[in-house]
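Peer 1: One structure, pasted below without further comment.
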């Protein structure tokens, strides 16, 4: 077993140990291709590391918390984050490290290197892991190289890599990772070349940019493009790019910079050089005996091959497509900044405006015909915003995740979710609403007469001041029992709101100090102190973006809820008119248009308990311990309140455990009453988890069938440390 | 296959892959654990084992028939934590005598033929546990219960 093999000594039996990329480079080196100075770190070292440190089983335990197929992407991202943090916090055992530290030092001392992933199962011709595992450019010094080897290893368990492996049916237990360390060739012109155009097998393609390849590979720099006739080996066409930027080394990384004017006027490579690049990629194809995708660079007119891998075959194009989708779940910082501008400047004001315009329409004054038209119109407006929600708001949520990784890289915290403490205590719309509710509850607390009137439903004699406040609240936030998720139930009376307020008034006010203690200032300082100069500014910008991303996940739902409540109000008005005429024989009244407008209401499908006892079945299955994700620390016990319909919320009692499919911000007004939160939808950064953290409540998310398996009234214990929900008392 | 069938299948698979179970009895409140070679019926209602009548476990269950049994697929490897299944059964034990003994003994010996001489000894008892409930643990901490109706 050897931890590393110089590229010249890699032989035919080493493919698995040095991985696809390392093996291809070694083969090309033997064939006389010019490649940068390269060292292969074998997968033996990875295996030694995960075995000696106990990480192998810790990773598998993490991945087997529940069936992989039952995990949502957010949960897989959470798993990947926890695993990545394990790699960041556990160094290579010193006695193992000593034996190869020297080799790295002697070969790369004083040089900048690229640390590349080279997984044994990647680039085999039927699957491509391009972009799924990490590579790090411009790394200097042995300590930094060792640190980045750990990061490359961790990328074996990234969310995208896990999903892709699952799709290809690869066994995660067999996964390992080799690494290639290459001296960085600071090329002045770089590019990629395909010996065969995936869209036309008679052609080849060359793309080229100024500076380093990274700008082209991650899409930040637009390349010049040449199409080549494979048979004649002649260039058919050249499509010039705008040539605005290039990627160049900067401090301990890379920087995207404006391209000097003199360069932007001419293509990075000449026609003759393009021809030479094509000859090179054809030579690689002849050698590997299948079409190749080659990364190359010119340094002072010498042409280097950086890597070569097979172009994935047509049979694997389907999986190639999903790989793209998995990768698209991650948005770059730049992309998110643009999205933020659009959301803050355009979309949120647009939503508020849309809701306000609907308030102005007096529904009772509309004719049946106009009301039917109004329902159609509101449905359209609602659908438009629901679509925007999915296309723009959900991807923006990645801002918090991007920051999480950035934070963990810098701070290596024990708790991989420590960064969330920096995001909380932002002004969230739902917290403002809950504050207003508390104020209303206070009035009831201090007014025994009012309390009695509410309890005895003596609404007529209630003090006008209080009624006005209630009306104002409903005007601002809508009827709390309306759902934003497509439900059709909606009580018109304020009674459900009174029920909640009475329940709140019967218990002491939730003091703000009960909420999670504010340690974020100190934490923010520690975080920012990890960086210097320019990096500090970038870190602060990233934190700011993450805070907006986190806060918007709450606010967008509140605004969306308002728009939907207007649709529901119009439908309610129509329902009432239809009801009023129900007993009359004349069905040919104009009301028919209303019946039609209401006929395609979304009917929520009844949830089925997969373990429900069927007739004749001689046994019964019950849950005992359900495993989800630990999403808010703490432990609590209480009676379950299962929310299947939004109207269930009005029966919520102080101290109950909120069990639901997904907490949306329009239902979080019961959270201050709850003793714990359990959610079917999984993830650490989903709304239920966010709001539970705000109130310091134990929270478990990602329990499949939670609302079917647990019944209202069941005794449940929520263990937010371990992510376990126990159903029933301890008696057996 | 729906989730109910899956749970039953998990139990049946585990029971046919394992030869030994840990049997728990007690005497005056003092718990006592021992190993037995077992076989379970496919409907999961009964679990059989044999034991000499002179043993502590037989003595214990003659005084109090309530027992618990643990059957699991661990292999003494770290991977057990995410791979192994463990099932606790609870129920009541009774010795089978008389006409029906031979029928059940044959069922038992079909699974454990090497225990032929042992099981047929006049000092050895065939014990049937009527299972009331099973507690199935998988994925390290996931627990589901299966209760058998009377």
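Peer 1: Over the range A:625-727, calculate the relative contact order: mean separation of alpha carbon pairs under 8 Å at least 6 apart, over the residue count, as a percent.
Peer 2: Working: 292 pairs, mean separation 42.9, N = 103.
Computed value for the range A:625-727: 42 percent relative contact order.
Peer 1: Run lengths n ≥ 4 of DSSP H only: what is the helix-derived mean residue ellipticity at 222 nm for chain A, with -39500 (n - 2.57) per run over all residues, to the nearest 500?
Peer 2: Values: 25 runs with 317 residues, N = 732.
Only helices count here, giving -13500 deg cm²/dmol.
Peer 1: Let me ask another. With no solvent and one point per C-alpha, what does the Debye sum give as log10 I(q)/I(0) for the range A:189-299 at q = 0.18, 0.23 Å⁻¹?
Peer 2: Here log10 of I(q) over I(0) equals -0.85, -1.23.
Peer 1: Debye sum, Cα scatterers, the protein assembly as shown, no solvent: what log₁₀ I/I(0) at q = 0.09 1/Å?
Peer 2: Listed by q, the Debye log ratios stand at -1.09.
Peer 1: So what's the angle, to the nearest 10 degrees on a 0 to 90 scale, between helix A:159-168 and the longest Cα principal axis of chain A?
Peer 2: The answer is roughly 80 degrees.
Peer 1: Points 7 angstrom from Cα along the Cβ direction at residue A:289 and residue B:101: gap in nanometres?
Peer 2: Label-label distance for residue A:289 and residue B:101, simple model: 7.2 nm.
Peer 1: Something else about it: To the nearest Å, what is the center-to-center distance of the range A:678-701 and the range A:240-284, using C-alpha atoms only?
Peer 2: The range A:678-701 and the range A:240-284 have Cα centres separated by 48 Å.
Peer 1: Sorted by average packing, counted as other Cβ atoms within 10 angstrom per residue and highest first, what order do A:690-701, A:8-19, A:169-180 take? Can you show the working numbers first?
Peer 2: Numbers: A:690-701: 26.3, A:8-19: 16.8, A:169-180: 18.5.
My ranking of the peptides, most packed first, is A:690-701, A:169-180, A:8-19.
Peer 1: Could you check what % of the DSSP bridge pairs in the protein assembly as shown are antiparallel, to the nearest 5?
Peer 2: Working: 120 of 132 bridges.
Rounded to the nearest five, the antiparallel share is 90 percent.
Peer 1: On average, how much area does the Cα convex hull of the range A:4-183 cover when viewed from any direction, in nm²?
Peer 2: Numbers: hull surface 40.5 nm².
That works out to 10.1 nm².
Peer 1: Based only on Cα atoms, what mean projected area does the convex hull of the range B:3-147 have, in nm²? Kindly include the intermediate steps, with their values, before the conclusion.
Peer 2: Working: hull surface 36.9 nm².
Over every viewing direction, the Cα hull of the range B:3-147 projects on average to 9.2 nm².
Peer 1: Given the peptides A:431-439, B:46-54, A:675-683, arrange them by the average over their residues of other C-beta atoms within 10 Å, most packed first.
Peer 2: Numbers: A:431-439: 16.9, B:46-54: 18.7, A:675-683: 25.4.
Result, highest mean first: A:675-683, B:46-54, A:431-439.
Peer 1: Against the longest principal axis of chain A, how steep is helix A:398-411, in degrees 0 to 90 to the nearest 10, with axes from Cα atoms?
Peer 2: With both axes taken from Cα atoms, the answer is about 60 degrees.
Peer 1: Averaged across B:76-82, how many Cβ atoms of other chains sit within 10 Å of each residue's Cβ atom? List each step's numbers first, then the result.
Peer 2: Working: counts 0, 1, 7, 6, 1, 5, 10.
The mean count of partner-chain Cβ atoms within 10 Å per residue comes to 4.
Peer 1: Right, next: Shielding by partners for A:621-629, please: the mean number of other protein chain Cβ atoms within 10 Å of each residue's Cβ. The partial results should precede the final answer.
Peer 2: Values: counts 10, 7, 4, 7, 7, 4, 6, 1, 0.
Taking the mean over all residues of the peptide, I get 5.
Peer 1: When only Cα pairs under 8 Å and 6 or more residues apart are kept, what is the percent relative contact order across chain A? List each step's numbers first, then the result.
Peer 2: Working: 1244 pairs, mean separation 83.1, N = 732.
RCO, chain A: 11 percent.
Peer 1: I want to check the label-to-label distance for residue A:452 and residue A:30. Put each point 7 Å from Cα in the C-beta direction and report it in nm to one decimal.
Peer 2: Taking the two extended label points, one gets 9.6 nm.
Peer 1: To the nearest 0.05, what FRET efficiency results for residue A:474 and residue A:91 with a Förster distance of 56 Å applied to their C-beta separation?
Peer 2: Working: r = 58 Å, r/R0 = 1.04.
For residue A:474 and residue A:91, the calculated efficiency is 0.45.
Peer 1: Can you give the mean number of other chain Cβ atoms that lie within 10 Å of the Cβ atoms in peptide B:128-138?
Peer 2: On the way: counts 0, 0, 0, 1, 1, 4, 2, 4, 2, 2, 4.
Mean partner shielding for this stretch: 2.
Peer 1: For the range A:625-727, max minus min Cα coordinate along each principal axis, in Å, sorted largest first?
Peer 2: 30, 25, 21
Peer 1: As an exercise, use a Förster radius of 60 Å and the Cβ-Cβ distance of residue B:9 and residue A:363 to find the FRET efficiency, rounded to the nearest 0.05.
Peer 2: On the way: r = 56 Å, r/R0 = 0.93.
Step by step, r from the Cβ atoms, then E = 0.60.
Peer 1: Given a cut-off of under 8 Å on Cα pairs at least six residues apart, what relative contact order in percent is computed for the range B:3-147? Let's see the in-between values first.
Peer 2: On the way: 262 pairs, mean separation 36.3, N = 145.
Reported as a whole number, the value is 25 percent.
Peer 1: Between residue A:614 and residue A:536, what FRET efficiency comes out of the Förster formula 1/(1 + (r/R0)^6) with R0 = 60 Å and r the beta carbon distance, rounded to 0.05?
Peer 2: Working: r = 63 Å, r/R0 = 1.05.
In this case the efficiency is close to 0.45.
Peer 1: Round to the nearest 10 and give me the degree value, 0 to 90, for the angle of helix A:533-580's Cα axis relative to the longest principal axis of chain A.
Peer 2: 40
Peer 1: Now, a different point. Calculated from DSSP H runs of 4 or more alone, at -39500 (n - 2.57) each and per residue, what is the 222 nm mean residue ellipticity of chain B, nearest 500? Walk me through the intermediate numbers first.
Peer 2: Details: 5 runs with 44 residues, N = 150.
One gets -8000 deg cm²/dmol as the mean residue ellipticity at 222 nm.
Peer 1: Tell me the label-point distance for the pair residue B:17, residue A:239, using the 7 Å Cα-to-Cβ offset, in nm and rounded to one decimal.
Peer 2: For residue B:17 paired with residue A:239, the spin-label model returns 5.4 nm.
Every read-out reported here was derived from the displayed coordinates using simple, explicitly stated rules and does not represent laboratory data. Values in this document were obtained by computation on a predicted structure and should not be read as measured data. We place every Cβ from the backbone using ideal geometry, glycine too, and count neighbours over all the protein chains shown.
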